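Participant: Before anything else, here's the structure in question.
The values are calculated or read from the model by the stated rules, or taken from the named source; none is laboratory data. On a predicted model such as this, the values are computed, not experimentally measured, just so you know. Positions of Cβ are backbone-derived with ideal geometry, glycine not excepted, and every protein chain shown enters the neighbour counts.
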Amino acid sequence: MNIFLDIEYYPKIDTPLLEKSKNIINSNKSKWNPPFFTNTELYIDIDKIQQISSDFLSKKIKNIIVLGTGGSIQTLLALKHLAKKKLYPITSSRAVELKKCLEETSPKDSVVIPISRGGETLDVNSTIGIFLKKGYKFIGLSSKGTMYHMLKKIGCPILEVPDLSGRFAGSISNVGILPAFLLGINVNDFLSGLKNGYKKFMDFNDNPALNFSVFLYNLYLKGFKVVFSMPYSLNLEGSVGLFVQEISESTGKEEKGIIGTFQSAPLCQHSVLEYLLGGTKGAVIPVLWVIGNEEPDLILESSIDYVNQQTAQTIVNFQADATFQALLEKGVPSAKVTIERPDEYNMGNLIAFIQSSVYYLCLLLDVNWSSNPKVIIGKEIGNKALKNKSSLEQRKNTREKLTANVFDQKFFEE
């Protein structure tokens, strides 16, 4: 199958600048491990996934409850719209989502999948007990730590989570593939799209992912530090969420990097477009994400003649192109990423594009694409405060004492 992904960006990168960027990538890539995520077969045993899943594939299982956060769940969210069963992504113990899940599901019609490589993720471990007490069935994805021993104790099936950078590993390991399989998603088509995507995006010739990364990097050198994504379909928001995580967590180290953000489109045209067109220039890179042929789509009935009998997504895509043009007219460097349709194969292509682009961008920035050394800081602070049963006032006092030493008293003075 062919790849139906297009990247349109302005201003264009000329050949000398592209060649210079390729040289930087080639010079830096030996500093860190090669990109494991391009191997779509090494870390997955489909037969074992099918075997473990056999008891949970009946029609009576209607809900797949995934307890995970960050890289453990973001790839799955990119495929959520393809699910044949109801997915409940529980990313923490936030009460609203947790309560809704418990009200709408039952132990008879659900399976719970907690995911944590190291087994010490508080967001996951804090929610296991409530499902366990109510008698829900479990399949675990873990290799060690507190969570692994909790699940081992109850005797549920456990599949290994490879010791790899989680945000890049979801698409090629049990982390994303097991719950996707249970949801009825065609994982073979997804993996095929992923594999063919990497064949394209890991080749320096006519490579949209390379061009995109060079575009972002050279804007970074000019002072742009934020990528604001505008997904023009609900079916793209999970993938854009993965892009936001990967560009932020992968590039943001050693006082370098670009942060990713997004808001649904065309809603964002009515909330942030005024800033993008008329506000501070030289800070934000808008990226529009579009689907050529949406699934499902529908024909509109309207008294407006140029709207009547158009498909709903056609109207949305016209708005996307108009916004893109408006940005360019105001001299705002921008890009548009388009996939043909949101099926498994094309979503595989899209994730391959995202991960390849971020990998190249990290090499251009000369930072380790797979690490995230600072994330643990907040986790350690939170766990310590919980263990010490620190009150709200004590936590506030700690912050006041801390910042008195961290920030200069003349911080806001010119």
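Participant: Take the stretch 154-210 and flag every residue that is part of a helix (DSSP H, G or I), in the same structural domain as residue 55 (by TED's automatic domain parsing) and over 25 Å from residue 82 (Cα atoms).
Facilitator: 154
Participant: For residue 343, state whether it is on the phi > 0 side of the Ramachandran plot and under 29 Å from the mean Cα position of the chain (by Cα). Give the steps one after another, and end with the answer.
Facilitator: Details: on the phi > 0 side of the Ramachandran plot: no; under 29 Å from the mean Cα position of the chain (by Cα): yes.
The answer is no for residue 343.
Participant: Please specify each residue of the stretch 390-414 satisfying the condition of being of a type outside the set (S, T, N, Q) and in a helix (DSSP H, G or I). Please lay out each step first, then the result.
Facilitator: Looking only at the stretch 390-414, we keep the residues that are of a type outside the set (S, T, N, Q), and these are 392-393, 395-396, 399-402, 404, 406-408, 410-414.
Passing the criteria: 392, 393, 395, 396, 399, 400, 401, 402, 404, 406.
Participant: For the stretch 1-17, give me each residue that is β-branched (Val, Ile, Thr) and assigned to a helix (DSSP H, G or I).
Facilitator: Pass one, the stretch 1-17, residues β-branched (Val, Ile, Thr): 3, 7, 13, 15.
Within the stretch 1-17, 15 is the sole residue that qualifies.
Participant: Condition (residue is buried (at least 22 other Cβ atoms within 10 Å of the Cβ), modelled with pLDDT under 95 and either in a loop (DSSP other than H, G, I, E, B) or of a type in the set (Gly, Ala, Ser) (or both)) applied to the stretch 117-135: is it met by at least one residue?
Facilitator: yes
Participant: Here is a check on your reading of the model: is residue 142 polar (S, T, N, Q) and under 18 Å from the mean Cα position of the chain (by Cα)? Working first, answer last.
Facilitator: Details: polar (S, T, N, Q): yes; under 18 Å from the mean Cα position of the chain (by Cα): no.
In short, no.
Participant: Related question: Is at least one residue of the stretch 92-109 surrounded by fewer than 17 Cβ atoms within 10 Å (Cβ to Cβ), assigned by TED's automatic domain parsing to the domain that holds residue 129, acidic (Asp, Glu) and in contact (Cβ under 8 Å) with a residue 12 or more places away in the chain?
Facilitator: The answer is yes, given that some residue of the stretch 92-109 is surrounded by fewer than 17 Cβ atoms within 10 Å (Cβ to Cβ), assigned by TED's automatic domain parsing to the domain that holds residue 129, acidic (Asp, Glu) and in contact (Cβ under 8 Å) with a residue 12 or more places away in the chain.
Participant: Among the residues of the stretch 18-49, which ones are under 27 Å from residue 188 (Cα atoms) and not in a loop (DSSP other than H, G, I, E, B)?
Facilitator: Those that are under 27 Å from residue 188 (Cα atoms) and not in a loop (DSSP other than H, G, I, E, B): 36, 37, 38, 46, 47, 48, 49.
Participant: Let me ask something else about it. Have a look at 356, 264, 334 and point out the one that is more than 26 Å from residue 28 (Cβ to Cβ), buried (at least 19 other Cβ atoms within 10 Å of the Cβ) and at pLDDT 95 or above. Outline the logic, then answer.
Facilitator: Values: 356 fails: more than 26 Å from residue 28 (Cβ to Cβ); 264 fails: buried (at least 19 other Cβ atoms within 10 Å of the Cβ).
From the options 356, 264, 334, the qualifying one is 334.
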